[in-house]
Amino acid sequence: MTTIYAPTPENPLTTTQKIRNQRLFMLQDCDWTVGIDSPFNDAKKTEWVTYRQALRDLPSLYTDDDNFIDVTFQTEPE
């Protein structure tokens, strides 16, 4: 199950929650790149797998003490 974090006036989103929300949308945007029916060859699929893993690892690189605007998201493969 996927969790989308929503802020409330009493509980604004933390940095890690914002990262997870953004990451979710980025992963969903490129799901098609690694599917069995993807038009990419194995080398290009590997680039996308690596990119997607970097997105999954991103929350572990930051804490709630970090500012979200300082978060660096991976760049999609070309």
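FYI, it's all coordinate maths here, none of it is from the lab. Remember, predicted model here, so these are calculated numbers, not experimental data. In this analysis, Cβ positions are derived from the backbone assuming ideal geometry, glycine residues included, and neighbour counts consider all displayed protein chains.
Points worth noting:
- Principal axis extents of the C-alpha atoms in the chain (largest first, rounded to whole Å): 47, 23, 17.
- Relative contact order, percent, the chain [alpha-carbon distance under 8 Å, six or more residues apart]: 36 percent
- Helix 15-29 and the longest principal axis of the Cα set of the chain meet at an angle near 30°.
- Rounded tilt (10° steps) of 42-57 against the dominant C-alpha axis of the chain: 10 degrees
- Within the chain, the longest run free of exposed loop sites, counting chymotrypsin sites (Phe, Trp or Tyr not before Pro) that sit outside DSSP helix and strand states (H, G, I, E, B) and have at most 15 other Cβ atoms within 10 Å, spans 6-39.
- Computed [θ] at 222 nm, deg cm²/dmol, the chain (DSSP H ≥ 4; -39,500 (n - 2.57); rounded to nearest 500): -13000 deg cm²/dmol
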